Amino acid sequence: MTSSTKKSKQTKSTQGSHVSEFGWKASKIVAGICLLLTISELFIHRHAYSDAEAMPLFYGLFGFIAFIVVVIGGILLREVIMRPEDYYDAD
């Protein structure tokens with residue numbers, strides 16, 4: 001086995017762990033930012049147009065509920081427009 005072959009095998013094995021390490025670091029950074037924004041939500045005064053907007057964490061809850069509605073809507077839409085597996089093969 002040549003040294004270049006050994007080097008390429010080492011690069012592939014260490015590259016996967018490097019990407020995984022970067023993923024963990026990025027996830028921790030994003031989670032930290034989310035935590036800081038959630039905590040700051042309790043102390044920052046918002047100029048709300050309605051009473052619901054003045055509720056703490058309203059936008060986070062609203063976004064999560066919208067996400068759930070979109071996912072369930074996609075599942076239902078799939079059931080409505082899905083064709084049988086052999087739809088185009090049938091003669």
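The values are calculated or read from the model by the stated rules, or taken from the named source; none is laboratory data. Every value quoted in this text rests on a predicted model; they were computed, and no experiment measured them. All Cβ positions, glycine included, derive from the backbone under ideal geometry; neighbour counts span all protein chains shown.
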Checklist entry - Scanning for something small (G, A, S), surrounded by 10 or more Cβ atoms within 10 Å (Cβ to Cβ) and part of a loop (DSSP other than H, G, I, E, B), does region 65-75 turn up at least one residue? => result no
Checklist entry - Quick one: is V80 loosely packed, with under 10 Cβ neighbours inside 10 Å, hydrophobic (A, V, I, L, M, F, W, C), modelled with pLDDT of 85 or more and part of a helix (DSSP H, G or I)? => result yes
Checklist entry - Do you know which residues across region 21-59 are surrounded by 11 or more Cβ atoms within 10 Å (Cβ to Cβ) and among the hydrophobic types (A, V, I, L, M, F, W, C)? => result C34, L37, A48, A54, M55, L57, F58
Checklist entry - How many residues does region 45-91 contain that are under 27 Å from I33 (Cβ atoms) and among the hydrophobic types (A, V, I, L, M, F, W, C)? => result 16
